[in-house]
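The values are calculated or read from the model by the stated rules, or taken from the named source; none is laboratory data. The model shown is predicted, which means the values in this text are computed figures rather than measured ones. Every residue, glycine among them, receives a Cβ derived from its backbone with ideal geometry; neighbour counts consider all protein chains shown.
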Amino acid sequence: MQRIWEIAGNFFETAVFIYGAVLLVSYAVLAICSLIAVRKWVMSEKYQGGDVLLTSPLAPGISVIAPAFNEGLTIIYNVRSLLTLKYVRYEIIVVNDGSTDNSMEQLIKEFSLVPVDFAYNAKIQTRPVKKIYKSTDPAYAKLTIIDKVNGKSKADAVNAGINAAAFDHFVCTDVDCVLDENTIIELIKPVMKEKKKRVIAIGATLRVANSNIFDQGVMVGVRPPKQLLPRFQEVEYIRAFVLGKMGWTLMNCVPNVSGGLGLFDKEITIRCGGYDHTSFGEDMELMTRMCRYAQDNKIPYAIRYIPQTLCWTEVPSTIKIFGRQRTRWARGLAQLMHTHFSMFLKPKYGRMGMIVFPYNFFFELLAPIIEFAGIVYYIVMVAMGHINWPTALVLLVFVYTYSIMITTLAILYDQITFRYYNSWRDVALLCLTPFLEFFLYHPLIVFFSLRGYYFFLTGKKAGWGNMQRRGFQVAPNR
Amino acid sequence: MNFSLLDFLESIFFEFRYAPLIIQVAIIFVFVAVTLTLLAYFSILRRRFRGSQRDKKITRLNELIDDLLIENVLSQDPETVETPGQTAETAAEAFHLPQFSKRWGRQVLIDRLLNYRNNVRGAMGDEIRTLYLLLELDKDSFKKLKSRKWNRKVRALNELSSMEIGVADVIILPLTNSRNRELRAAARHAYIKLSKNEPFKFFDLATEPLLLWDQVELFRIITTTRHIAIPNFAQWITYSSNKSVISFCLKLVVHYNQLKAIPAVLKLLDTKDHLLRAEAINCLGKMKIADVEDKLVYIYNNQPLNCQIEILKALGRIGSGKHTEFLRQEFMLSTDFELRKHAAKSLTNTEPPGSELIGELMETSTPENQLILKHCMNPLIKF
């Protein structure tokens, strides 16, 4: 019996070692690719500004879709913020997904809305649309409001927006996100600059806005979050977007365009059936289906990311809400892997099947499980007195320093892109955060991921997944 | 003390040497990680420090340049100046300062002059150009043009084209087909602005596609450059083997309302490329070529969806009312929602809202078609 345990233990140790080594190597590869992609982008931006898209009659039209559910606290500011976007030809579609608060009444009053006979073509099935509103004020001519029956998911609301969208590309965002005024310009550029491939989706860096200062929906001050939990998320976002997604961009292997902000090819989205309202990770699920569709139909496609921060969002500042969000994300990942497992290691699906899917399976889905198993194994070994402490300590220091290095490199790349924070103190605060992340934040991620997998396996019910917002800091009256 | 430290280091080395391979690798990587982390911190510090220093220096220098320009050029009354360039000659002497002898100082001066040149037109703009030449800043730009780095070349081309300094075709033309996108674009822009004889010659030589981004930028440059000789774009529509050049020329034909290019556009209706065909139909519609309506209606049934939509749009734009019955049929009988919507839009373009036909359609249509009609007639709905 003891011999069997020994063999199992050795096997586990070797497997974890190989797993860890491959993971660390892939992070190193991503860091290098990301640096190349970021520098390339910075050089390109230096010589090609986007002002030409403010007036050009050749600029493609864009529909901006923002779903909202019970956002009464901030909806007016948020819509006003969307109306400040700079671009020559665009429309804004806000989808009120059956809010139970006074969001709709506020919108009608603030923007002088009247119901119109809108030829709504339900190319993607959604819950019924009650009314569509347009403003009688010419200043808000770009604005369309869809009032629909609650679909219990963001996906259903966005699908309704896609059905009403007039243009070939649409930007999907959350109504509570604050967008940079040049968002559309920056997102459409990769589509216009692509030579051979069809760019089916473009994403940009999201950043935490919890401590930023706003005036009438317009951001007037940028600061890293004061609270520790949002600041951990800020660092995590920088790492995921600037280092991760930019690295994947260079290889044309972007696994996901965030639901917070992305520009999509409408035709491919509709042909794929739109967002899946039963999915908990609808953004990643749609991306997978779009890639699958492109591969099945032999469409040479590309998914791009840009390192510039174009979207500022409020992240959870309490463990309870944070846990709810991460559990949902983990559940979405498990669901996605289960639904599309037929793509796993299938050469037919190109890089999606051979790189993106295996990477997500081994290093995103399995990571919390392996980590948890490792901790349990470690505790058992400690209890049995089989731990070689100096060796264990060296390995721990190795993983710790490596994780700090990767995050610090991400912060450096972010600084190369743009100096978002003016004060040295702010940057120092960000640089110090990775030192605590390993001990305080990472265990939380593992725990909530495992909870998400558990909910997936047991089929626990869930709703819109709305985050309770505190609202942003408002600039003092001048 | 020295002895004990050496002893300590020796013991560490001993431990390392006889440690298992995995531990040796881990220790090496710890050192690599710590070093890279420290380097990253240093790099962040250095970037921020140098960035803020540079910003301060540039701000100070820009203030000096602004003062000198206002004092010596912009505040001069053009009517008191006897000969063109006289103001610039006086101003050039004021700019002989030590700050502008260094390369970075000259670059700041070039950037500032470009900024003024792009925002000031007429005699003042010409004075700024003369000042640029008198200060021999064009030599700096030409030096950059000879650089092996593409970004310096792009910078030089932008400077020379903004200042309208002629560059030999043999230098620019090869760059218009460069594999580097930014350099290619800058060279094309510069060629259009600077070429004296044939600003569109690179259309003949373009082997690389004109990306949509390139087209937007070229369109702006072509339509905003003064004294540019606009050729007949039919020559490229007929003979170019580069589809993106043809597509771009169609847009220019519309912009310049170039009726003499219409026969060439008409020939494109027979092309096998349906995307190009759709663009040709779009061009004909926007130019309101009524003679083409019959042909468009004739080919309609054999076309893919994108071309059919363009034909319906074209009929609405032309608005002769000759094919109202065709539009009515499409609106009533088509199974495709988009086709019905575009047919309805074209009908409402040609028929006034209270007309007999619209009234009849409202009465006889299905509820969905009625909604489409109402949508198209509502002035609040643009698209």
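A:Tyr27 - would you say it is surrounded by 14 or more Cβ atoms within 10 Å (Cβ to Cβ), in contact with a helix residue (DSSP H, G or I) (Cβ under 8 Å, 6 or more places away or on another chain) and either away from every other protein chain (no Cβ under 13 Å) or within 27 Å of A:Met192 (Cα to Cα) (or both)? Spelling it out, it is not the case that A:Tyr27 is surrounded by 14 or more Cβ atoms within 10 Å (Cβ to Cβ), in contact with a helix residue (DSSP H, G or I) (Cβ under 8 Å, 6 or more places away or on another chain) and either away from every other protein chain (no Cβ under 13 Å) or within 27 Å of A:Met192 (Cα to Cα) (or both).
When the helices (runs of 4 or more DSSP H) confined to region A:220-320 are screened for residues that are among the acidic types (Asp, Glu), touching a Phe, Trp or Tyr at 6+ places or on another chain (Cβ under 8 Å) and crowded, with 20+ Cβ neighbours inside 10 Å, those reaching at least 1 such residues are found at A:228-238, A:282-296. Taking every residue in region B:359-383 that is in a loop (DSSP other than H, G, I, E, B) and pairing it with any residue that is among the hydroxyl-bearing types (Ser, Thr, Tyr), at least 6 positions away or on another chain, the pairs with Cβ-Cβ distances below 9 Å are B:Leu380/A:Ser135; B:Leu380/A:Thr136; B:Ile381/A:Thr144; B:Phe383/A:Ser63. Filtering region A:368-395 to residues that are at the interface with chain B (Cβ under 9 Å from one of its Cβ atoms) and not hydroxyl-bearing (Ser, Thr, Tyr) leaves A:Pro390, A:Val394, A:Leu395. Taken over region B:27-62, the residue count meeting the criterion of being over 30 Å from B:Phe13 (Cβ atoms) and either at pLDDT 95 or above or not acidic (Asp, Glu) (or both) is 19. Residues that are within 14 Å of chain B (Cβ to nearest Cβ) and either under 20 Å from A:Tyr120 (Cβ atoms) or surrounded by 19 or more Cβ atoms within 10 Å (Cβ to Cβ) (or both) within region A:66-97 comprise A:Tyr87, A:Tyr90, A:Glu91, A:Ile92, A:Ile93, listed in sequence order.
Checking A:Asp174, A:Asp180 one by one, the residue that is more than 12 Å from chain B (Cβ to nearest Cβ), under 16 Å from A:Ile76 (Cα atoms) and among the acidic types (Asp, Glu) is A:Asp174 and no other.
If the condition is being of a type in the set (A, V, I, L, M), over 16 Å from the mean Cα position of the chain (by Cα) and closer than 20 Å to A:Thr173 by Cβ, then region A:249-281 contributes A:Ile268, A:Ile270. Per the conditions (1) more than 29 Å from B:Phe233 (Cβ to Cβ); (2) more than 14 Å from chain A (Cβ to nearest Cβ); (3) in contact with an Asp or Glu (Cβ under 8 Å, 6 or more places away or on another chain); (4) not acidic (Asp, Glu), the sole criterion not satisfied by B:Leu133 is (3). Of all residues in region B:234-256, at least one satisfies being crowded, with 18+ Cβ neighbours inside 10 Å, basic (Lys, Arg) and either more than 17 Å from A:Ser56 (Cα to Cα) or within 13 Å of another protein chain (Cβ to nearest Cβ) (or both).
It is to be established whether one or more residues within region B:2-19 are part of a helix (DSSP H, G or I), at the interface with another protein chain (Cβ under 10 Å from one of its Cβ atoms) and touching a Ser or Thr at 6+ places or on another chain (Cβ under 9 Å). Looking for residues that are part of a helix (DSSP H, G or I), at the interface with another protein chain (Cβ under 10 Å from one of its Cβ atoms) and touching a Ser or Thr at 6+ places or on another chain (Cβ under 9 Å), one finds none in region B:2-19, hence no.
Restricting B:Gln329, B:Gln308 to those that are within 16 Å of B:Ser365 (Cα to Cα) and not in a loop (DSSP other than H, G, I, E, B) reduces the list to B:Gln329. Residues being over 23 Å from A:Leu54 (Cα atoms), touching a Lys or Arg at 6+ places or on another chain (Cβ under 8 Å) and at pLDDT below 90 are entirely absent from region A:184-199. Of the residues making up region A:329-343, those that are within 21 Å of A:Phe447 (Cβ to Cβ) and touching a Lys or Arg at 6+ places or on another chain (Cβ under 9 Å) are A:Ala330, A:Arg331.
Being of a type outside the set (Asp, Glu), assigned to a helix (DSSP H, G or I) and at the interface with chain B (Cβ under 10 Å from one of its Cβ atoms) is the requirement here; does A:Ala21 meet it? Here the answer is yes, as A:Ala21 does meet what is asked. Restricting attention to region A:412-429 and to residues that are of a type in the set (Phe, Trp, Tyr) and at pLDDT 85 or above, the residue that is surrounded by the fewest Cβ atoms within 10 Å (Cβ to Cβ) turns out to be A:Trp424. Here A:Gly203 meets the list (1) modelled with pLDDT of 95 or more; (2) within 12 Å of chain B (Cβ to nearest Cβ) almost entirely, failing just condition (2). The residue of region A:112-130 that is surrounded by the most Cβ atoms within 10 Å (Cβ to Cβ), among those that are within 10 Å of chain B (Cβ to nearest Cβ) and not aliphatic (A, V, I, L, M), is A:Phe118. One residue stands out among those in region A:1-27 that are in contact with a Phe, Trp or Tyr (Cβ under 9 Å, 6 or more places away or on another chain) and modelled with pLDDT of 90 or more: the one that is farthest from A:Leu412 (Cα to Cα), which is A:Tyr19. Taking region B:287-301 as the range and being farther than 11 Å from B:Leu269 by Cβ and in a helix (DSSP H, G or I) as the test, the residues that pass are B:Ala290, B:Asp291, B:Glu293, B:Asp294, B:Val297, B:Tyr300, B:Asn301. Can you name the residue in region B:190-224 that is more than 14 Å from every other protein chain (Cβ to nearest Cβ) and part of a loop (DSSP other than H, G, I, E, B) and is also nearest to B:Asn257 (Cα to Cα) among such residues? Top of the filtered list is B:Phe200.
Looking only at residues in region B:315-357 that are within 14 Å of chain A (Cβ to nearest Cβ) and among the hydrophobic types (A, V, I, L, M, F, W, C), the one that is nearest to B:Ala278 (Cα to Cα) is B:Leu339. Restricting the search to region A:430-444, which residues are in contact (Cβ under 8 Å) with a residue 24 or more places away in the chain and buried (at least 19 other Cβ atoms within 10 Å of the Cβ)? The answer is A:Leu430, A:Thr433, A:Pro434, A:Glu437, A:Tyr441.
Can you spot a residue in region B:169-182 that is within 11 Å of chain A (Cβ to nearest Cβ), within 22 Å of B:Ala206 (Cβ to Cβ) and part of a loop (DSSP other than H, G, I, E, B)? Among the residues of region B:169-182, at least one is within 11 Å of chain A (Cβ to nearest Cβ), within 22 Å of B:Ala206 (Cβ to Cβ) and part of a loop (DSSP other than H, G, I, E, B), which makes the answer yes.
For region A:42-50, the condition of being within 14 Å of another protein chain (Cβ to nearest Cβ) and under 30 Å from A:Val158 (Cα atoms) holds for at least one residue.
So the check is Cβ under 7 Å with 6+ separation or different chains; which pairs have a first residue in region A:396-415 that's more than 7 Å from chain B (Cβ to nearest Cβ) and a second one that's basic (Lys, Arg)? Close Cβ pairs (under 7 Å, with a partner that is basic (Lys, Arg)) amount to A:Ile406/A:Arg239; A:Thr407/A:Arg239; A:Ala410/A:Arg239.
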